[in-house]
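Below: the structure, in structure tokens.
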Amino acid sequence: MEKLIPEINSLENPNQKISSIKESVPLFLFGNGLSIALSSEFSLKSITEKFINQLTGIEKQFFVEICNGGENINFNDFEIYFSLIEDAYNSLKKYRMFIDTDTGKKFLKKFELINPELYKHEEIIKSIYNKYIFQILSIVQGNVTKIGIDLKLKDFTNFLTNQLKDCTKGYIFTLNYDLLAETILLEKIGTNNFTDFCSHTKQFKGTSIDKFDFDPALNSSKYGERKIELHHLHGSLSLFYDYKRNKAIKFRNDEIFTNNIYERVIKENWPLIPAIITGGGKSLKMREYPFEFYFRSLKDLSTYSKFNKLYIIGYSFRDEHLNSLIKRWIKEMKDYSQGLLIVDFKLNETDKIEFKRFVKKQLKLQKPVPDRCFEFAGVNSIKNIPGTNPK
């Protein structure tokens, strides 16, 4: 079948720079705001409040204790507290696995320690974590639909499709771990015209469900270089870490729902955990597999000026590790203001002014980002920008 978008050769030399703005090499950075444009249910505040309200009994008591005994848990504190849950779970799991070994049992005996049966502790923390994941999943399942995208994001998807058709090379980096960006690419661009660095590798053990291994080298060998790249900086709800194989794997979006994969992971004790970054400490987690690949890719693209248009959509500018890469790209360009557009959804004039002030403060540039680089009419009002050149 003829491909919608012709293939091109990627830049082989990392120091090779874009020579002319006649070439269009856009990079789209999608924050959670893009999902909110589809449905207000995607608001992290909405997800968080629903999650907190559904906790009861011992799970609620545990969460309150993690939150320093505070009964009035609110959205503003949630990321910090949820990262504590993750840290507690990971620490318990590692120690429980140690004391289950022969060495661990000898350790308990030598120092006359009682086996704390940490498996029970681990289970309740895992249960709380799973509740949060299921909360997100239920929202995604109800709101990321082709009909919804066509109805609410039509102008944006048309713009995105045209930009990716006409470009020399295109990059999409997502911070929201729902499947919105992927769904748009599948529907509008076609699976053969972009890569998410996952390759089909048989079926998941004991099932008839197709499995795709996250393996950039294998993907390149099997399919060649693709014109469009999709990077999930904070992971995806279709991406899992297989801790028995030490591999990240992916399932098709539709099969996650039709095969009840999340439910089966728990009930059938599959060796999988969702490969997503939640809570605080994002800059540290970006060093972990598979996220370090996505972050390193963005770092290289920014450092070596491999894109000449940067569209930032629905991003809060609160992640310092990402802000540093945006600044790195800005400093490498002759006139970055010709190649930067920041799209937000604020309506109130005071909120707009405050957001611009916050962005300028976070980026800490000698010459602050000019007002013409901001667009507040929502994602469907996104517009083409001239592009820029490296210094």
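The values are calculated or read from the model by the stated rules, or taken from the named source; none is laboratory data. The model shown is predicted, which means the values in this text are computed figures rather than measured ones. Glycine also receives a Cβ, built like all others from the backbone with ideal geometry; neighbour counts cover every protein chain displayed.
Specify the residue that is modelled with the highest pLDDT; the eligible residues are those in segment 65-78 that are assigned to a helix (DSSP H, G or I), out of contact with any Lys or Arg (no Cβ under 8 Å at 6 or more places or on another chain) and surrounded by fewer than 17 Cβ atoms within 10 Å (Cβ to Cβ). If you could, list the steps in order and put the result at the bottom.
At the first step, the residues of segment 65-78 found to be assigned to a helix (DSSP H, G or I) are 65-66, 75-78.
Those still in the list that are out of contact with any Lys or Arg (no Cβ under 8 Å at 6 or more places or on another chain) too: 65-66, 76-78.
Subset that is surrounded by fewer than 17 Cβ atoms within 10 Å (Cβ to Cβ): 65, 76-77.
On the way: Glu65: 79, Asn76: 58, Asp77: 60.
Among those that are assigned to a helix (DSSP H, G or I), out of contact with any Lys or Arg (no Cβ under 8 Å at 6 or more places or on another chain) and surrounded by fewer than 17 Cβ atoms within 10 Å (Cβ to Cβ), it is Glu65.
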> Out of curiosity, is Phe134 assigned to a strand (DSSP E or B) and under 23 Å from the mean Cα position of the chain (by Cα)?
Replying inline: no
> For segment 190-205, what are the residues that are surrounded by fewer than 16 Cβ atoms within 10 Å (Cβ to Cβ) and touching a residue at least 60 places away in the same chain (Cβ under 8 Å)?
Replying inline: Gly190, Asn192
> Which of the residues belonging to segment 140-190 are of a type in the set (Gly, Ala, Ser), more than 25 Å from Gly387 (Cα to Cα) and in contact with a helix residue (DSSP H, G or I) (Cβ under 8 Å, 6 or more places away or on another chain)?
Replying inline: Gly142, Gly148
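Restricting to segment 376-391, name every residue that is of a type in the set (Ser, Thr, Tyr) and under 26 Å from Thr303 (Cα atoms).
We begin by selecting, within segment 376-391, every residue of a type in the set (Ser, Thr, Tyr); these are 381, 388.
Passing the criteria: only Thr388.
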> Restricted to segment 362-372, and to residues that are more than 24 Å from the chain's Cα centre (by Cα) and not acidic (Asp, Glu), which residue is farthest from Asp155 (Cα to Cα)?
Replying inline: Gln366
> Residues in segment 127-141: is at least one in contact with a Lys or Arg (Cβ under 9 Å, 6 or more places away or on another chain), buried (at least 21 other Cβ atoms within 10 Å of the Cβ) and closer than 24 Å to Tyr315 by Cα?
Replying inline: no
> Got a number for residues in segment 1-44 being modelled with pLDDT of 85 or more, under 16 Å from Lys309 (Cβ atoms) and more than 17 Å from the chain's Cα centre (by Cα)?
Replying inline: 4
> Do we find a residue being acidic (Asp, Glu), in the same structural domain as Leu284 (by TED's automatic domain parsing) and over 15 Å from Ser302 (Cα atoms) anywhere in segment 357-375?
Replying inline: yes
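Considering segment 223-250 alone, what residues qualify as being of a type in the set (D, E, K, R) and either at pLDDT below 95 or assigned to a loop (DSSP other than H, G, I, E, B) (or both)?
From segment 223-250, those of a type in the set (D, E, K, R) are 225-227, 229, 242, 244-245, 247, 250; that's our starting set.
Of everything in segment 223-250, those that are of a type in the set (D, E, K, R) and either at pLDDT below 95 or assigned to a loop (DSSP other than H, G, I, E, B) (or both) turn out to be Glu225, Arg226, Lys227, Asp242, Lys244, Arg245, Lys247.
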> Of Glu117, Glu122, Glu112, Glu86, which residue is farther than 30 Å from Glu41 by Cβ and either crowded, with 17+ Cβ neighbours inside 10 Å or touching a residue at least 12 places away in the same chain (Cβ under 8 Å) (or both)?
Replying inline: Glu122
> Could you list, in sequence order, the residues of segment 245-254 that are surrounded by fewer than 16 Cβ atoms within 10 Å (Cβ to Cβ) and more than 16 Å from Asp215 (Cα to Cα)?
Replying inline: Asp254
> Any idea which of (1) under 23 Å from the mean Cα position of the chain (by Cα); (2) surrounded by fewer than 19 Cβ atoms within 10 Å (Cβ to Cβ); (3) in contact (Cβ under 8 Å) with a residue 40 or more places away in the chain is the one Leu340 doesn't satisfy?
Replying inline: (2)
> List the pairs whose first member sits in segment 295-310 and is within 19 Å of His234 (Cβ to Cβ), whose second member is modelled with pLDDT under 95 and surrounded by fewer than 22 Cβ atoms within 10 Å (Cβ to Cβ), and whose Cβ atoms are under 7 Å apart, counting only residues at least 6 apart or on separate chains?
Replying inline: Phe295/Met286; Asp300/Pro14
>> For a quick check of your reading of the model, give me the residue pairs whose first member lies in segment 345-366 and is within 20 Å of Phe30 (Cα to Cα), whose second is among the basic types (Lys, Arg) and modelled with pLDDT under 95, with beta-carbon atoms closer than 8 Å and at least 6 apart or on different chains.
In response: Lys352/Lys346; Phe355/Lys346; Gln362/Arg318
>> I'd like to check something: does segment 317-327 contain any residue that is over 24 Å from Asn389 (Cβ atoms) and not charged (D, E, K, R)?
In response: yes
